[in-house]
Amino acid sequence: MDIGTISLVLMLGLMVLLAIGMPLGFASAILAALVLVMKFEPTLLANPFTFGDGMLTGRPGSGPLNILAQKIYGLLTDYVLISIPLFIFMASLLERSGIAKDMYSSLNVWLNRTRGGIAIVTSIMAVIMAAMSGIIGGEVVLLGLIALPQMLRLGYNQNLAIGTICASGCLGTMIPPSIVLIIYGLITETSIKALFTASFLPGFMLASFIIIYIIVRTQLKPEDAPLPAPIEGEPRGREKLMLFLAFLSRLVSGFSAFFLLRVLFFEFSGQNAGNTGADIRFGTMDYAPWFGGAVLITLVLSYFVFGRERSRLGWKMGKGLVPPIIIIGVVLGSIYMGITGITEAAGMGAVAVLVMSALRGEASFDLVWDSLMRTLKSTGTIIWVTIGAAALAGAYTIAGGPVFVADLVVGSDLPSMGIILLMMLILLFMGAFMDWVGIVLLIIPVFLPIVQRLPIEDIGIFGELNPRHLSIWFGVVFCMNMQVSFLSPPFGPAAFYLKSVAPAHISLTDIFKGFLPFICIQMAALSVLLIWPPIVSILLP
């Protein structure tokens, strides 16, 4: 059977199976078997009694089936895949401990007298949580439990509150350590560390777009974000700024002291012998004066400029931010300082959250058990979808599907940017109906080879993308598409996550209505990536 007919049957079959409610993993696996039969042994469809005579059934364990089994086995035994359950476990611990709640309280202390302050705090908290774990669903639920009641109680516009929580809660797709980027890197054999580095600026660009929108909207329509009633004795204006600076000075002093001790440890343990600074980043004696000077300056500021009492009060107001900063430092710091790989960093982050929960007196058997059960369920879902989608993608590849589609698209009269825009429309459409795991496993192996065949100078409008960064750029663009998919009706998962914890009077229609301006913000961020592709290369070597 020709590949064009197989492609049509595959597309229609996937739509029908998903429409009747079959899980994506099983639907993909069934279609994978069907693709192999149609391509290599079509007589089985007309006469099943020929079993044992064809390429698939004549020699079990060889041929296309063997290639497919090797592909699935190779994917599931990839060491980096272990990082996914570890990041999910870390996110589950964070959600059930009081670390996130204390972080929200500390952020709220500094911004509660700002117009739209609680919405801004919610966005900032989402960015910090995204940088800690890279999980999406848990963030939306947690922000819905903590921030939504606060905003509704103060009289915030309901659409603003809903949109802020869900759009910000989905930032884990873009901001490292994103699980979406990890899966993309595994499938396309792209450096995950490079993907993390490239997504920094686009991720924070999207977060800044959301915060700017909140500030502009609340300034133009103050009734959308009423200020809370002032509390007697609460610091304001310049005094609050001084308290914040006092808190920062203590924070910088603590981290500088840690890095100074690290330098001294490497020096006196002999690990710096013959080292020029390239192997142990920020660990040689060259850095000792800088860290020592930072400790000295911040201590002088704390005790002689801000004063002991102000420093103590500032620390009390902001100490809820310290555990998240430490966790981010453990996870991302260990990756970018060359201490560990992605998987080890995920394990260290999970241990760090567990240790902090124990130090706070929150660790318990129930906390760990509930987090493990949630990790098992979430990981199981991802793995089953991965197996099914990898089988389908592998079967379609063996049948020659990607080459057929690439020749079809590249041979059309569309310009390069027209082809990319068509891909964006397909990704946005698929994202409204399908889980991101299935999309990255099914669509990306087809789309990426097409993009790689396009003239590099025709991609984007401003600036020229480095050819070495093409796969990385497309991965970041894909993640930005998935940002939109989390809010896209009719099956935007963020809406259902929030509905599970929202008050009864807020319907799914209300939630999707609140998404509209934030979807426009996400589309604007996606447009920046398409118009100016070199944005992903700024931080790359």
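The values are calculated or read from the model by the stated rules, or taken from the named source; none is laboratory data. What you are looking at is a predicted structure, and each value in this text was computed from that prediction instead of being measured. Here the Cβ positions follow ideal geometry from the backbone for every residue, glycine too, while neighbour counts run over all protein chains shown. Quick note on the areas: whole protein, heavy atoms, side chains included, nothing else; ligands and nucleic acids left out. Shrake-Rupley method; radii C 1.70, N 1.55, O 1.52, S 1.80 Å.
Obtain the radius of gyration and the Kirkwood radius of region 400-511 from its C-alpha atoms and give Rg over Rh.
Using only Cα positions, Rg/Rh for region 400-511 is 1.08.
Report the local net charge at Gly394: Lys and Arg +1, Asp and Glu -1, summed over other residues whose C-beta lies under 13 Å from its C-beta. Kindly include the intermediate steps, with their values, before the conclusion.
Values: positive: Lys39, Lys71; negative: none.
Local net charge: +2.
In degrees between 0 and 90, to the nearest 10, how far off the longest principal axis of the chain does helix 3-19 point, with axes built from Cα atoms?
Around 50 degrees separate the two axes.
Multiplying the sequence separation of Asp2 and Trp369 by 0.36 nm and subtracting their Cα-Cα distance, what value in nm do you get?
Numbers: separation 367, 0.36 × 367 = 132.12 nm, distance 5.15 nm.
Result: 127.0 nm gained on full extension.
Calculate how steeply helix 83-96 sits against the longest principal axis of the alpha-carbon atoms of the chain, using the helix alpha-carbon long axis, and give the answer as 0 to 90 degrees to the nearest 10.
Relative to the chain, helix 83-96 is tipped by roughly 40 degrees.
For the pair Lys316/Phe268, report the inter-label distance in nm, with labels modelled 7 Å from Cα in the Cβ direction.
3.6 nm
What net charge is computed for the residues neighbouring Ala246, neighbours being all others with C-beta under 10 Å from the C-beta of Ala246, Lys and Arg scored +1, Asp and Glu -1?
On the way: positive: Arg250, Arg308, Arg310, Arg312; negative: Glu309.
Surrounding charge for Ala246 is +3.
List the residues of region 146-164 whose backbone N lies under 20 Å from a point placed 7 Å from the Cα of Ala229 along the Cα-to-Cβ direction.
Correct set: 149-157.
May I ask you to compute the full-extension gain from Ile297 to Asn47, defined as 0.36 nm times their residue separation minus their alpha-carbon distance, rounded to one decimal in nm?
On the way: separation 250, 0.36 × 250 = 90.00 nm, distance 8.33 nm.
Extra length from Ile297 to Asn47 when fully extended: 81.7 nm.
Based on the Cβ-Cβ distance of Phe244 and Asp407, what FRET efficiency does E = 1/(1 + (r/R0)^6) give at R0 = 35 Å, to the nearest 0.05? Working shown, then result.
Numbers: r = 59 Å, r/R0 = 1.69.
It comes to 0.05.
As a check on your grasp of the helix formula, calculate [θ] at 222 nm for the chain: sum -39500 (n - 2.57) over DSSP H runs of n ≥ 4, divide by the residue count, round to the nearest 500.
On the way: 24 runs with 369 residues, N = 541.
My calculation for the chain gives -22500 deg cm²/dmol from helical runs alone.
Want the number for Thr340 to Lys377: 0.36 nm per residue separation, take away the alpha-carbon distance, what's left?
On the way: separation 37, 0.36 × 37 = 13.32 nm, distance 2.73 nm.
Between Thr340 and Lys377, full extension yields 10.6 nm more.
Show me the ranking of peptides 485-498, 516-529 by mean Cβ neighbours inside 10 Å, starting with the highest.
On the way: 485-498: 20.8, 516-529: 17.7.
Highest-to-lowest ranking by the protection proxy: 485-498, 516-529.
Where does each of 318-327, 387-396, 27-36 land if you order them by average Cβ count within 10 Å, highest first?
Working: 318-327: 20.3, 387-396: 25.8, 27-36: 21.9.
Final packing ranking: 387-396, 27-36, 318-327.
Can you count the Lys pairs in the chain with C-alpha separation below 22 Å, eight or more apart or on different chains?
10
I want to make sure I understand the PRE zone here: with the label point 7 angstrom from the Cα of Ile325 toward its beta carbon, which residues in region 233-252 have backbone N atoms less than 20 Å away?
Label zone hits: 239-252.
Between Gly411, Ala229, Ser471, whose Cα lies farthest towards the positive end of the dipole of the chain when Lys and Arg beta carbons carry +1 and Asp and Glu beta carbons carry -1, centred on the Cα centre?
After comparing all options, I get Ala229.
Starting from the eigenvalues of the Cα gyration tensor, five times each then square-rooted, give me the equivalent ellipsoid semi-axes of region 336-431, largest first, whole Å. List each step's numbers first, then the result.
Values: eigenvalues 380, 65, 40 Å².
They are 44, 18, 14 Å, listed largest first.
Per residue, what volume in Å³ does the Cα convex hull of the chain take up? Spell out each step's value before the answer.
Numbers: hull volume 101.5 nm³, N = 541.
Hull volume over Cα atoms, normalised by residue count, gives 188 Å³.
About the Cα centre of region 224-330, how large is the charge dipole given +1 on each Lys and Arg Cβ and -1 on each Asp and Glu Cβ? Please answer in debye to the nearest 20.
Numbers: 11 positive and 8 negative charges, 56 e Å.
Dipole size: approximately 260 debye.
What accessible area per residue, rounded to a whole number of Å², is obtained for the chain using a probe radius of 1.4 Å?
Working: 23700 Å² over 541 residues.
Counting only protein heavy atoms, the per-residue value for the chain is 44 Å².
If packing is taken as the mean number of other Cβ atoms within 10 Å per residue, what is the order of 239-245, 250-256, 365-371, highest first? Don't skip to the answer; put the middle values down first.
On the way: 239-245: 16.4, 250-256: 18.4, 365-371: 14.0.
My ranking of the peptides, most packed first, is 250-256, 239-245, 365-371.
Based solely on C-alpha atoms, express the radius of gyration and the Dmax of region 249-385 in angstrom.
19.1, 60
Around Ile6, with a cut-off of 14 angstrom between Cβ atoms, what is the net charge of the other residues, counting Lys and Arg +1 and Asp and Glu -1? Write out the running numbers ahead of the final one.
On the way: positive: Lys39; negative: Asp2, Glu41.
That sum, taken over residues with Cβ under 14 Å, equals -1.
Roughly what angle does helix 444-453 make with the longest principal axis of the chain, taking Cα atoms, 0 to 90 degrees, to the nearest 10?
Helix 444-453 sits at roughly 90 degrees to that axis.
Apply 1/(1 + (r/R0)^6) to the Cβ-Cβ distance of Ala257 and Thr114, taking R0 = 30 Å, and write down the FRET efficiency to the nearest 0.05.
Values: r = 32 Å, r/R0 = 1.06.
According to the calculation, E is roughly 0.40.
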